[in-house]
1. Give me PHE121, PHE104, PHE72, PHE46 sorted ascending by neighbouring Cβ count inside 10 Å, so fewest comes first.
2. Mind pulling the angle between the C-alpha long axis of helix 55-68 and the longest principal axis of the chain? Nearest 10 degrees, somewhere in 0 to 90.
3. Of (i) 8.7; (ii) 10.6; (iii) 9.5, which is the value of mean projected area of the Cα convex hull in nm² derived from the coordinates here?
4. Can you work out ³J(HN,Hα) from phi for every residue in region 114-128, in order, using Karplus 6.51 cos²θ - 1.76 cosθ + 1.60 and θ = phi - 60°, giving whole Hz and x for Gly and Pro?
5. Which whole-Hz ³J(HN,Hα) couplings does region 2-10 yield from phi under the Karplus relation 6.51 cos²θ - 1.76 cosθ + 1.60, θ = phi - 60°, glycine and proline marked x?
6. Which Cys residues of the chain have no other Cys Cβ less than 4.7 Å away and so no disulfide-compatible partner by this rule?
7. How tilted is helix 129-140 with respect to the longest principal axis of the chain? Cα atoms for both, answer in degrees (0 to 90, nearest 10).
8. If I fit a long axis through the Cα atoms of helix 18-28 and take the longest principal axis of the Cα atoms of the chain, what angle between them do I get, 0 to 90°, rounded to 10?
Amino acid sequence: MKLLSAEISTMLYPSEVEERVRSLLLSLCDCEIREERVSSHYGYSFKVLTCNLSGERAEELLRKVICSLSDFELSSLLDNIERYVEGRHLYIRLSKQDLALGRFKIYEGDPGGYIRIKFSFKSASEIEEIRKVGESCTQIS
């Protein structure tokens, strides 16, 4: 697989406990978390937490995420992969709440309740490799 990198990011709102959100990021991978303070158009202030992985560590994260999805979630992702792909990037949003409960669930709701992972491949054609990763997960379980 020609996975170049993974960028994990989430918005941290004032109503959230920062350490809990940081621990969710770290539960996905051991990485250095950067933060940026931003304001919305309406003047709301929040932080964006981001960390990056490359090469093998990014591939390990992809396998972890794909293989941790329920059979239904994995099947839905693979059947609708074009909804998650833009160019050579695969975008997956995981529910913060479900991740806090130890479940990997794709998030389809409004902004704020998710951790976004952007997987960058060497070329768009490499994204087909995700099917092979998914198939290998079902063979293991």
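A short reminder: the numbers here are calculations on the coordinates, not readings from a lab. Since the structure is predicted, the reported quantities are computational estimates derived from the model, not experimental observations. Quick reminder, even Gly has a Cβ in these numbers, built from the backbone with ideal geometry, and neighbours come from all protein chains shown.
1. PHE72, PHE46, PHE104, PHE121
2. That works out to roughly 90 degrees.
3. Among (i) 8.7; (ii) 10.6; (iii) 9.5, the one calculated here is (i).
4. For region 114-128, the Karplus curve yields 9, 10, 9, 10, 10, 8, 10, 9, 4, 8, 4, 5, 5, 4, 4 Hz.
5. 3J(HN,Hα) across region 2-10, in whole Hz: 9, 8, 7, 7, 9, 10, 10, 8, 7.
6. Lone cysteines by the Cβ rule: CYS29.
7. Result, in degrees: 80.
8. For helix 18-28, the angle is close to 10 degrees.
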